[in-house]
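Student: Please find one structure pasted underneath; my questions will follow.
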Amino acid sequence: MFVPLGREFYEPSAAKVAPLLLGHYLIRNTPDGACGGVIVETEAYLTDDPACHAYLRQTTRNRAMWGAPGHAYVYLIYGYHYCFNAVCQPSGVAEAVLVRAIHPTVGMDIMQRNRAVAKERDLTNGPAKFCAAMVIDRSQDEVDLCDANAPLFIALNPNLNEFHNSYGPVTTTTRIGISQAADWPLRFYLDGSPFVSRKGSTPRRANACG
C-alpha cells in the first residue's frame, strides 16, 4: 500500500523539494488499477524566476501554484501535451516542481496500453511522455497529492536509500526546454536511471515548461 508524503514535505522552497522528490513514487489511480513509478528527474520553478508560469501574476491557468502546498499543477503545452508539477511553499507564494521523468514500476500494462512504444525506455522518459502513459491531464489540476484516494498522488518510497544506491548519484544541472533563466542550476536527476529525459547541462532554447 502506498503512503502519501505529508503536506509539510512541500512547504519549503521548490529548490529544496525538487531533489528530495527523487526516488519517491508518483502514482495514478485509474479504474483499471494503479500505475506510475519512481520520480527520477525534476526541475524547480521559483517565485522570483522569469521562467516560472506565475512570475508575473496569477491567472486561471496557474491558479494552482498560488494555492496550498502538496497539490498538483497540470498544464497544457503546444496545445497537445501535458506537464505535471507539485506545488510548494505556503499559499500565496507560487512555486512548483516540474516532474520530468519517472522510472516505471507500477501498472506497466496500463501505461503501455495508453502509450505504445517500441522501447520501454521511451515510455516515461519525459514530462509529456509519462503524462500520456498515466493519462494525466487538466482534470487532475489542483488535486491533493497528499491523499491516497486522489486520482494522483506522490507516495513515500520505503526503500528510498536502496533506490538511490542503485540509480544515483543525484546530479544537478541547468534546466532544459526554457529560454529565460536557462543558466539556473535547478534540474536534478538520478544519473543511473535509464529513464532520465536528457543528461548533461546544456540548455536548449524553447518555451518555458514549469
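Taken together, the values in this text are just the output of simple stated rules run on the coordinates, not laboratory data. Just so it is clear, the structure is predicted and the values come from calculations on it, not from any experiment. Using ideal geometry, Cβ is built from the backbone for each residue, glycine included, and neighbour counts are taken over all protein chains shown.
Here is a yes/no grid of residues against (1) out of contact with any strand residue (DSSP E or B) (no Cβ under 6 Å at 6 or more places or on another chain); (2) under 20 Å from residue 19 (Cα atoms):
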site	(1), (2)
90	yes, yes
95	no, yes
98	no, yes
103	no, yes
107	no, no
120	yes, no
149	yes, no
155	no, yes
169	yes, yes
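Student: Before we move on, is residue 18 crowded, with 21+ Cβ neighbours inside 10 Å and either among the polar types (S, T, N, Q) or part of a helix (DSSP H, G or I) (or both)?
Tutor: Considered against the rule, which asks whether it is crowded, with 21+ Cβ neighbours inside 10 Å and either among the polar types (S, T, N, Q) or part of a helix (DSSP H, G or I) (or both), residue 18 comes out as yes.
Student: Any chance segment 34-47 includes a residue that's farther than 22 Å from residue 129 by Cα, buried (at least 17 other Cβ atoms within 10 Å of the Cβ) and either without any contact (Cβ under 8 Å) to a residue 40 or more places away in the chain or of a type in the set (Asp, Glu) (or both)?
Tutor: Among the residues of segment 34-47, not one is farther than 22 Å from residue 129 by Cα, buried (at least 17 other Cβ atoms within 10 Å of the Cβ) and either without any contact (Cβ under 8 Å) to a residue 40 or more places away in the chain or of a type in the set (Asp, Glu) (or both), which makes the answer no.
Student: Taking residue 130 as meeting all but one of (1) in contact with a helix residue (DSSP H, G or I) (Cβ under 7 Å, 6 or more places away or on another chain); (2) closer than 20 Å to residue 43 by Cβ, write down the number of the exception.
Tutor: (1)
Student: Which residues, taken from segment 46-97, are more than 19 Å from residue 181 (Cβ to Cβ) and among the polar types (S, T, N, Q)?
Tutor: Selection gives 58, 59, 60, 91.
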